[in-house]
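The values are calculated or read from the model by the stated rules, or taken from the named source; none is laboratory data. Every value quoted in this text rests on a predicted model; they were computed, and no experiment measured them. Here the Cβ positions follow ideal geometry from the backbone for every residue, glycine too, while neighbour counts run over all protein chains shown.
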Amino acid sequence: AFINHGAFGAALRLAQQEAEAWRRRCEQQPLLFLDRDLFSQLARVMRELAAFVGCRAQDLALVPNATTGLLLVMRGRVGPGETLFSLDVGYGSVKKMLAVVAEQTGAQHVQHTVQLPLSSAEELVAQVAAAMPAGTKLAVFDAVTSNTAIRLPIQQLVQLCHSRGVEVLVDGAHALGMLPLDLHALAADYFVTNCHKWLCAPRGSAFLHVQPRHQAHVRPLIISHGKQSPSLARPSAQAVGFVSEFIWDGCRDYAPLLAVSTALRAWRQLGPEAVRSYQRQLLHQAVALLTQAWDTGTLVPLDMCGSMALVQLPDACLAAAQSAAEHISTAAAPGATSADGKWVQDSLHYQHHVECPIKCINGCLYARISGA
Ligand SMILES: Cc1ncc(COP(=O)(O)O)c(C=O)c1O
């Protein structure tokens, strides 16, 4: 059984086929495809994406994954002495990125440890309001956290930050598909999301949305033909420059991005709300089944989750992990460690053929269930 859709998503078969068809078309006549057809096809995909998430196509940068978009914003926006604010419930690799960006730019990184468990979104907003230092330049919040599977109150957090003059970067790696999105209404300064998780497009497809006022500061990692020559860079050409710099950053495989179109069509045909409500129903059924069988509960109330939730494992799992001969606990305090979680996750995989992430939060073990 595979219950880990949240980790890397899964591409729809039709979207995989479309990606293959684009690769074949490229091989049939690479010049025709790459030099003549590609740009207009990508522009079409961007218009379709923009309509799906409620924004302007010219404010989108197509990127291979959420990680790329996050780095572009952080590197472009913070400088010496400025403050970057984030939460400890953020994604592991993004926490490493924040530390490196702070070190390389001379910025200060302040990470707030969220007090868990949370019983309401308001509690989290109040924690952020109290913890975010005055004069913060950029705050980074996940739309849906990975390890704890909490849907953060992004709209309220954006409003709070803007009331203090703080720019907001939303790490929406899990957001597209899982949550209804209206980027215009959200008004975050920067929003990154993967198309290859809950939208079910092929891997290697993501986008970064940047408000026009910030676009001059967010540049691609790679400079190639898409860069406009300074003589052409009239103010009216700025939007075209932003889009083209990201689209053409050297020759690569564009098939995953082009196949986003097929994933979007499937969502439109099924109805995004119908898909989400199916996912929620599945999730709620699984949570009810497990919490009854294990006599445990969820990390946060289900109305603070999207299509994933953490269900606490029974004590017997921790006991099994701690007594396993091959697992030597290094824990200084009683309670579970991430090594215990890894042991349970590996045992599920190798002994029971169940792929399900096991998380260790505040000394307790949880299974992260994905409704998909
Ligand atoms: C919250 C969050 N941010 C960022 C990422 C990184 O996504 P990617 O590896 O596709 O760039 C993930 C991946 O699971 C995630 O869950």
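Could you list all residues from the stretch 101-126 that are over 26 Å from LEU310 (Cα atoms) and of a type outside the set (D, E, K, R)?
VAL101, ALA102, GLN104, THR105, GLY106, ALA107, GLN108, HIS109, VAL110 - these are the residues of the stretch 101-126 that are over 26 Å from LEU310 (Cα atoms) and of a type outside the set (D, E, K, R).
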Residue pairs meeting the criteria (Cβ under 9 Å; at least 6 apart or on separate chains; first closer than 14 Å to VAL243 by Cα, in the stretch 29-49; second in a loop (DSSP other than H, G, I, E, B) and aliphatic (A, V, I, L, M)):
VAL45/ALA259
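Every residue, every condition in (1) more than 17 Å from GLY177 (Cα to Cα); (2) part of a helix (DSSP H, G or I); (3) within 16 Å of the ligand (Cβ to nearest atom); (4) not β-branched (Val, Ile, Thr), yes or no:
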{"position": "ALA10", "(1), (2), (3), (4)": "no, no, yes, yes"}
{"position": "GLN17", "(1), (2), (3), (4)": "yes, yes, no, yes"}
{"position": "GLU27", "(1), (2), (3), (4)": "yes, yes, no, yes"}
{"position": "ARG36", "(1), (2), (3), (4)": "yes, yes, no, yes"}
{"position": "SER40", "(1), (2), (3), (4)": "yes, yes, no, yes"}
{"position": "ALA43", "(1), (2), (3), (4)": "yes, yes, no, yes"}
{"position": "GLU48", "(1), (2), (3), (4)": "no, yes, no, yes"}
Name the helices (runs of 4 or more DSSP H) wholly inside the stretch 117-225 in which the number of residues that are surrounded by fewer than 18 Cβ atoms within 10 Å (Cβ to Cβ) and either away from the ligand (no atom under 11 Å from the Cβ) or under 13 Å from the mean Cα position of the chain (by Cα) (or both) is 3 or more.
121-131, 154-163
Do we have any residue at all in the stretch 6-20 that's under 30 Å from LEU348 (Cβ atoms) and without any contact (Cβ under 8 Å) to a residue 24 or more places away in the chain?
yes
Any residue in the stretch 124-139 that's within 17 Å of VAL114 (Cβ to Cβ): show its pairings with residues that are basic (Lys, Arg) at Cβ separation under 8 Å, as long as the two are six or more apart or on different chains.
MET132/ARG164; THR136/ARG164
Kindly provide the set of residues from the stretch 92-109 that are among the polar types (S, T, N, Q) and either in contact with a strand residue (DSSP E or B) (Cβ under 9 Å, 6 or more places away or on another chain) or away from the ligand (no atom under 16 Å from the Cβ) (or both), ordered by number.
GLN104, THR105, GLN108
Looking at ASP303 and the list (1) in a helix (DSSP H, G or I); (2) touching a residue at least 12 places away in the same chain (Cβ under 8 Å); (3) under 25 Å from GLU122 (Cα atoms), which single condition is not satisfied?
(2)
Being away from the ligand (no atom under 16 Å from the Cβ), β-branched (Val, Ile, Thr) and part of a helix (DSSP H, G or I) is the requirement here; does VAL73 meet it?
no
Among the residues listed as VAL89, VAL63, VAL53, the single one being over 22 Å from VAL110 (Cβ atoms), in contact (Cβ under 8 Å) with a residue 60 or more places away in the chain, within 16 Å of the ligand (Cβ to nearest atom) and in the same structural domain as ALA139 (by TED's automatic domain parsing)
VAL63
